[in-house]
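See structure below.
Every read-out reported here was derived from the displayed coordinates using simple, explicitly stated rules and does not represent laboratory data. A quick note: this is a predicted structure, and the numbers were derived from the prediction, not measured. Quick reminder, even Gly has a Cβ in these numbers, built from the backbone with ideal geometry, and neighbours come from all protein chains shown.
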Amino acid sequence: MATSEERLLAVCLYIVSFIFPIIGPLVIWLIKKDESSFVDYHGKEYFNFFISYTVYSIISGILTIIVIGIIALWVLGIAAVVFTIIAAIKAYEGKEYRFPWIFRLIN
């Protein structure tokens, strides 16, 4: 069971990502990953999510040459916001959340 401090740090990891997408979550994760397996899990999950959605966005950007890329960029943007909010809520509840449609590069 995650402590309230661990849950708060995991939530901050996701909330800070809206303001500082790479640096904020990276700082929180690097400082607390050895002390808390819960924060470590959410940090890894966030960076897998970030890498995956960056790749999807690049592919969609290339596909804007044909109209499907514009639609894909909109869908990706909405999905990224929704999934990040869901992950923050699950972290606050003390649960582990697995983002859908991501590459599991960092284990």
Note to self: What's the total number of residues in the stretch 54-74 that are surrounded by 13 or more Cβ atoms within 10 Å (Cβ to Cβ) and assigned to a loop (DSSP other than H, G, I, E, B)?
What the structure shows: 0
Next item on the list: Just name the residue that is surrounded by the most Cβ atoms within 10 Å (Cβ to Cβ) out of those in the stretch 75-107 that are farther than 16 Å from S52 by Cα and among the hydrophobic types (A, V, I, L, M, F, W, C).
Entry: A91
Next item on the list: Take the stretch 31-49 and flag every residue that is of a type outside the set (V, I, T) and in contact with an Asp or Glu (Cβ under 9 Å, 6 or more places away or on another chain).
Entry: K32, K33, D34, E35, S36, S37, F38, D40, Y41, H42, E45
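Check I22, I62 and return the single one that is free of Cβ contacts under 8 Å to residues at least 12 places away in the same chain and aliphatic (A, V, I, L, M).
Values: I22 fails: free of Cβ contacts under 8 Å to residues at least 12 places away in the same chain.
Answer to the check: I62.
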Check: Out of the stretch 17-49, which residues are farther than 14 Å from A80 by Cβ and charged (D, E, K, R)?
Finding: K32, K33, D34, E35, D40, K44
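When residues of the stretch 3-39 are filtered for being part of a helix (DSSP H, G or I), of a type outside the set (A, V, I, L, M, F, W, C) and either surrounded by fewer than 18 Cβ atoms within 10 Å (Cβ to Cβ) or in contact with a strand residue (DSSP E or B) (Cβ under 6 Å, 6 or more places away or on another chain) (or both), how many remain? Walk me through it before giving the result.
Quick first cut of the stretch 3-39, residues part of a helix (DSSP H, G or I) only: 4-19, 23-32, 37-39.
From the residues that got through so far, the ones that are of a type outside the set (A, V, I, L, M, F, W, C) too are 4-7, 14, 17, 24-25, 32, 37.
Next cut, either surrounded by fewer than 18 Cβ atoms within 10 Å (Cβ to Cβ) or in contact with a strand residue (DSSP E or B) (Cβ under 6 Å, 6 or more places away or on another chain) (or both) only: 4-5, 24, 37.
Of the residues in that region, 4 qualify.
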Next item on the list: Check off (1) touching a helix residue (DSSP H, G or I) at 6+ places or on another chain (Cβ under 9 Å); (2) surrounded by fewer than 18 Cβ atoms within 10 Å (Cβ to Cβ); (3) in a helix (DSSP H, G or I) for I51 and give me the number that stays unchecked.
Entry: (1)
Next item on the list: For the stretch 78-96, state whether one or more residues are touching a residue at least 12 places away in the same chain (Cβ under 8 Å), within 29 Å of M1 (Cβ to Cβ) and aromatic (F, W, Y).
Entry: yes
